[in-house]
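Notes follow the structure.
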Amino acid sequence: MAEETLSTTCCVVGGGPAGMMLGVLLARAGVPVVVLEKHKDFLRDFRGDTVHPSTLELMVELGWIDEFLALPHERVERLSGQIGDAHVPIADFTHLPTHCRYIALMPQWDFLNFLAERGKRYRGFDLRMQAEATELIEEGGRVVGVRARTPGGDLAIRAGLVVGCDGRHSTVRERAGFEVEDIGAPIDVLWFRISRRPDDTAETFGHIETGAMMVMLNRGSYWQCAYVIPKDGLAEIKQRGLPAFRDSIVFMSPFVRDRIGEIASWDDVKLLTVAIDRLKQWHRPGLLCIGDAAHAMSPVGGVGINLAVQDAVATANALAEPLKARAVTEAQLAAIQKRRTLPMRVIQFIQTQIQDRVLSRALASKERPKVPLVAKLLQRVPALRRLPARIVGIGIRPEHIHTPEADPPAPPAEVMPAKARA
């Protein structure tokens, strides 16, 4: 089949949180944008599902918060941990200077579908599903577009700017030849679900025991569990057998003993390979990478989605007007990297410290874990819990929406009640 060609002002590669938010904000500001998403839908399990107060604040600024919170979600006002027999409060979000003083645990596909629905109300928003970017189009040392593979044949999108938002395994950054600095991560994570009973605790929490660690996220009808293992340690765990794995879970959370059989086979357990890395340079003429494509984050703190969304807001703020004028410069792209480097580096530093000094040591220890001094201070001084809440919930440099709404959205084609949609 002949290659189809289309032209646009901006082509966003990747329909994750960064790509969808950027596409919507640019279209809202009157910038024609094509968003490429390689999958046919957003329904992929065990993606990051934490929507932090910083992202909820953006929904307030956009006037979308009521509709957004009508989606299924669970609210987390406090985070705590269990270290051996000791209960340790970690973060209290109820004092944050935001409208929503909690984390919303929401399936990422609902979050992305919401953004897609909002984007489609603007004339300049063109979301192409099942469109996988395969290579960059370059002319005279400048990126001028991208080629994509679709069920209908190859597609060439020529654009004034290409933005890579295609995650930690980014095709865009690989094709651009960007140099990646690998920070390293000594852990991986096993994801699985266990049903939740009405008499279970409502709190989202983590548990550190002798040689083991697990985080349990309250998802209403079930617990989404993250079982931390040493890097590349899955083969050894499987060698010990599924019963031993179940026993380890019950040892940390005895209340799930009556339903541990729900983990019927290793097919019920998914591996998340943890990586922390960052590009030394995020941009080339005609090209910018943001989100995980520019800096892969650890799942520690669940901040990856929200940091990526902040990148998208900063990018839209800086480039909406230059894009409309077809006058984006490398200096403007460099300014975005400069602005977003500090929050990225601070969070990555905190994550590596927690991984190296807490998680790795806990996994290697043969003794019952002791409560560290910092945790004892959090136990005794409630006001101190506001600091980790601010770092996790708001971040180092929260972004706010400065792009005006240039094109009023069309009303939705059909409004269906929640029961009908379900």
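List of remarks:
- Which listed residue, of Gly153, Gly167, Gly140, is at positive phi and touching a Gly at 6+ places or on another chain (Cβ under 7 Å): Gly167
- Where a residue in the stretch 384-397 is over 15 Å from Glu77 (Cβ atoms) and modelled with pLDDT under 95 and its partner, wherever it lies, is open to solvent by 30 Å² or more (accessible area, probe 1.4 Å) and β-branched (Val, Ile, Thr), with Cβ under 6 Å and at least six apart: Ile396/Val346
- Any chance Ile83 is in contact (Cβ under 8 Å) with a residue 24 or more places away in the chain and open to solvent by less than 50 Å² (accessible area, probe 1.4 Å): yes
- Of the strands (runs of 3 or more DSSP E) contained entirely in the stretch 172-240, those carrying at least 1 residues that are over 30 Å from Pro285 (Cα atoms) and out of contact with any His (no Cβ under 7 Å at 6 or more places or on another chain) fall at 187-195, 205-209, 212-218, 222-230.
- Between Leu26, Leu36, Leu62, the distinction of being buried (at least 20 other Cβ atoms within 10 Å of the Cβ), among the hydrophobic types (A, V, I, L, M, F, W, C) and within 28 Å of Gly395 (Cα to Cα) belongs to Leu26 only.
- Scan of the stretch 138-181 for residues that are modelled with pLDDT under 95, closer than 30 Å to Ala212 by Cα and open to solvent by 40 Å² or more (accessible area, probe 1.4 Å), ordered by number: Arg168, His169
- Meets criteria (touching a residue at least 60 places away in the same chain (Cβ under 8 Å), among the acidic types (Asp, Glu) and crowded, with 16+ Cβ neighbours inside 10 Å) for Asp188: yes
Residue by residue, here is whether (1) out of contact with any Phe, Trp or Tyr (no Cβ under 7 Å at 6 or more places or on another chain); (2) open to solvent by 60 Å² or more (accessible area, probe 1.4 Å); (3) on the phi < 0 side of the Ramachandran plot; (4) among the polar types (S, T, N, Q) holds:
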{"residue": "Gly233", "(1), (2), (3), (4)": "yes, no, yes, no"}
{"residue": "Leu242", "(1), (2), (3), (4)": "no, no, yes, no"}
{"residue": "Ser248", "(1), (2), (3), (4)": "yes, no, yes, yes"}
{"residue": "Glu262", "(1), (2), (3), (4)": "yes, yes, yes, no"}
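The values are calculated or read from the model by the stated rules, or taken from the named source; none is laboratory data. These numbers come from a predicted model, not from an experiment. Cβ coordinates were reconstructed from backbone atoms using ideal geometry, including for glycine residues, and neighbour counts include every protein chain displayed. Accessible surface is based on the protein model in full, side chains and every heavy atom, while ligands, DNA and RNA are left aside. Shrake-Rupley method; radii C 1.70, N 1.55, O 1.52, S 1.80 Å.
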